[in-house]
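Read the structure below first, then the notes.
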């Protein structure tokens, strides 16, 4: 069993609250504590099912790079002029 200590609190995947008063939660709780202290952060990435190694920072970037076959070059809309 892996136990982590941060700011004198204990974090572990198993509930240790009955054994240690310093138990503060699981690893997700530790992550949020680290994030609140500015030590780590999170980032959302976008990828396709077929090419999980190519990652993009926005949905727009993913579509422009991976789905150009859906692009309509000469779109004129539904109305007839």
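Number of residues in the stretch 1-42 that are closer than 30 Å to residue 65 by Cβ and at pLDDT below 90 equals 0.
Of all the listed residues (78, 20, 74), the sole one being part of a loop (DSSP other than H, G, I, E, B) and in contact with a strand residue (DSSP E or B) (Cβ under 8 Å, 6 or more places away or on another chain) is 20. Evaluation of residue 57 against the conditions (1) surrounded by 11 or more Cβ atoms within 10 Å (Cβ to Cβ); (2) out of contact with any strand residue (DSSP E or B) (no Cβ under 9 Å at 6 or more places or on another chain) shows that the sole unmet condition is (2). Selection over the stretch 40-58 of residues that are assigned to a loop (DSSP other than H, G, I, E, B), over 26 Å from residue 29 (Cα atoms), touching a helix residue (DSSP H, G or I) at 6+ places or on another chain (Cβ under 9 Å) and without any contact (Cβ under 8 Å) to a residue 12 or more places away in the chain gives a count of 2.
The values are calculated or read from the model by the stated rules, or taken from the named source; none is laboratory data. This one's a predicted model, so the numbers in the text were calculated from it and none came from an experiment. Here the Cβ is made from the backbone with ideal geometry for all residues, glycine too, and neighbour counts use every protein chain on show.
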